[in-house]
Amino acid sequence: MAITGLFGFPSLSFNDLCHWTAWLCLLYVLFKASKLYVTWRELNRAFSSFPGPKRHWLYGNAHEFHGDGKDMDVIMRYAEQYPYAYPLWLGNFFASLTICHSDYAKAILSRQDPKDNFGYYFITPWIGKGLLVLSGQKWFQHRRLLTPAFHYDVLKPYVRLMSDCVNVMLDKWEHIIPDKKTVELFHHVSLMTLDSIMKCAFSYHSNCQNDSESAYIKAVYDLSYLVDYRFTCLPYHSDFLFHLSPHGFRFRRALKTAHQHTDEVIKERKESLKEEKELEKILQKRHLDFLDILLCAKDEKGQGLSDEDMRAEVDTFMFEGHDTTASGISWALYCMAKYPEHQQKCREEIREVLGDRKTVEWDDLGKMPYTTMCIKESMRLYPPVPGIARELTSPITFCDGRSLPKGINILLSLFAINRCSSLWDDPEVFDPLRFSPENASKRHSHAFLPFSAGSRNCIGQNFAMNEMKVALALTLQRFELYPDKEKEPLILPQLVLRSLNGIHLNLKKIDPSKKRDV
């Protein structure tokens, strides 16, 4: 006689339950395996016309990248072997076409493809779905609403604030150099650019350069580090494993702190705008900033950004506006130290413009053409963002007739494009004159992409260039820079271009009474 269970269905014995559970698990495994096989087959078919480096049966090409400062050597070796593009595999079920030539880059950046989910997935919990990761109509709406925040009238008063932040950093260096043989730049520069972005964009005086132990500053640093670390640690690509790990706990704690701070800053500004009622009244007290314009922006229907969208844009600009610029400034100062003849030419130009002033003015920025060319050449050799990712939303056919279907991930290796021997003469040589007006006019439109190109180019590129000019001008005015030959930087491609062992320079204070003779 059958024993009935709940609702009259026959109950199962323990052995029967184990039997059916085993069958269900087997079916699930077979289902997953079949999906992986289909993915593997589709990727191989898609990349059939793109020869690439031999891959390991389990790791793909991932085992060749060790995070030891030599990863870009691997990228450049492959770029020489496979001109234009080649597939890189992480395991055997995920691959992206790595582009290393400007013709292919132009074909991709002229489209409206979104950022790929893999490359930007790990940072989304922090910065939300802001301008960096949005696509489609919502991206277009945000871009249009945010564009006024980067008008030159808004950027003008930022230059003095940038100067103040740079001078705080240089004052610290003056106290450090008598006791230390060298200074590791990246940490100091990153704090300076964070201080600058908070003062300029949010009118928030954090004092983070002297109080780097504050909860918010530590949270931003932790998030930057953990996003980079998760990207390079393959087991942490699993949400499950990452959330269970100590790193996942640390990430969630930092995330809570950062978002609470952002929410408080937005809330306080909303209250002040209610009191001021109009932007014109704000101008009587201080300059307009990014947050003012963000809060007051309305589309043609009179709709502004939601609270969630607002926080996403603030956190996006906080990340993009300090970490990438810190990379650009640090590598530019390294190039100045490595190439003293160019350092001296920049210093002479800066003296002609600034004299003995310790503050850079808006009108000064256009009077430093050689310094600007040196900054661009340093970004060519050491692009702050070493790669850009996209996901094809429709098929594409490149200039040489090769095609890819929709859904394929693309990685534009800006590092490889910037050093491509078919695009640049003697690409490893530091030559600022590549960026003279005459030489620049002859260059391929997509040979130099420090701020991307097309409709999705970096909205804050003028802000970043201004800050790099201010930082270089005031640093070279006060210090002579020399490389530390015992600690040559080891290039580390992460979300931004870093050095595994830091960027160490020897600094020598310039005697003010002998400036004209140096």
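The values are calculated or read from the model by the stated rules, or taken from the named source; none is laboratory data. Just so it is clear, the structure is predicted and the values come from calculations on it, not from any experiment. With ideal geometry, Cβ positions are generated from the backbone for all residues, glycine too; neighbour counts draw on all protein chains shown.
Remarks
- Cross-chain or 6+ apart pairs with Cβ under 6 Å, the range 251-270 first and closer than 30 Å to residue 240 by Cα, then among the acidic types (Asp, Glu): 254/222; 262/315
- The residue pairs whose first member lies in the range 182-211 and is within 23 Å of residue 288 (Cβ to Cβ), whose second member is in a helix (DSSP H, G or I) and of a type in the set (S, T, N, Q), and whose beta carbons are closer than 9 Å, counting only pairs six or more residues apart or on different chains, are 193/324; 193/325; 196/325; 197/325.
- With respect to the conditions (1) under 22 Å from the mean Cα position of the chain (by Cα); (2) under 28 Å from residue 488 (Cβ atoms); (3) at pLDDT 80 or above, residue 224 falls short on a single one, namely (3).
- Checklist (1) in contact (Cβ under 8 Å) with a residue 24 or more places away in the chain; (2) in a helix (DSSP H, G or I) applied to residue 21, failing item: (1)
- Set 321, 407: member being in contact with a strand residue (DSSP E or B) (Cβ under 9 Å, 6 or more places away or on another chain), touching a residue at least 12 places away in the same chain (Cβ under 8 Å) and closer than 25 Å to residue 122 by Cβ: 407
- Where helices (runs of 4 or more DSSP H) fall wholly inside the range 161-266, the ranges with 3 or more residues that are touching an Asp or Glu at 6+ places or on another chain (Cβ under 7 Å) and of a type outside the set (S, T, N, Q) are 185-202.
Residue-by-condition table, conditions (1) over 21 Å from residue 419 (Cα atoms); (2) surrounded by 11 or more Cβ atoms within 10 Å (Cβ to Cβ); (3) in contact with a Lys or Arg (Cβ under 6 Å, 6 or more places away or on another chain); (4) at pLDDT 95 or above:
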| site | (1), (2), (3), (4) |
| --- | --- |
| 2 | yes, no, no, no |
| 14 | yes, no, no, no |
| 34 | yes, no, no, no |
| 43 | yes, yes, no, no |
| 87 | no, yes, no, yes |
| 90 | yes, yes, no, no |
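- Scanning the range 237-251 for residues being surrounded by 14 or more Cβ atoms within 10 Å (Cβ to Cβ) and more than 21 Å from residue 90 (Cβ to Cβ) gives a total of 2.
- Some residue of the range 134-150 being within 22 Å of residue 237 (Cα to Cα) and free of Cβ contacts under 8 Å to residues at least 60 places away in the same chain: yes
- Restricting attention to the range 227-277 and to residues that are under 28 Å from residue 288 (Cβ atoms) and of a type in the set (Gly, Ala, Ser), the residue that is modelled with the lowest pLDDT turns out to be 272.
- Filter pass, residue 142 being over 28 Å from residue 259 (Cβ atoms) and not hydrophobic (A, V, I, L, M, F, W, C): no
- In the set (1) surrounded by 23 or more Cβ atoms within 10 Å (Cβ to Cβ); (2) out of contact with any Leu (no Cβ under 6 Å at 6 or more places or on another chain); (3) not hydrophobic (A, V, I, L, M, F, W, C), residue 330 fails one condition alone, (2).
- The C-beta contact set for the range 461-472 (first residue without any contact (Cβ under 8 Å) to a residue 12 or more places away in the chain, second residue not in a helix (DSSP H, G or I), distance under 9 angstrom, 6+ apart or interchain) comprises 461/450; 461/451; 461/452.
- Selected residue [in contact with a helix residue (DSSP H, G or I) (Cβ under 7 Å, 6 or more places away or on another chain) and surrounded by fewer than 21 Cβ atoms within 10 Å (Cβ to Cβ)] from 148, 178: 148
- No other residue among 129, 106, 115 is surrounded by 17 or more Cβ atoms within 10 Å (Cβ to Cβ), within 24 Å of residue 320 (Cα to Cα), modelled with pLDDT of 90 or more and of a type in the set (D, E, K, R) apart from 106.
- Of all residues in the range 321-342, those satisfying the criterion of being among the aromatic types (Phe, Trp, Tyr) and assigned to a helix (DSSP H, G or I) are 331, 334.
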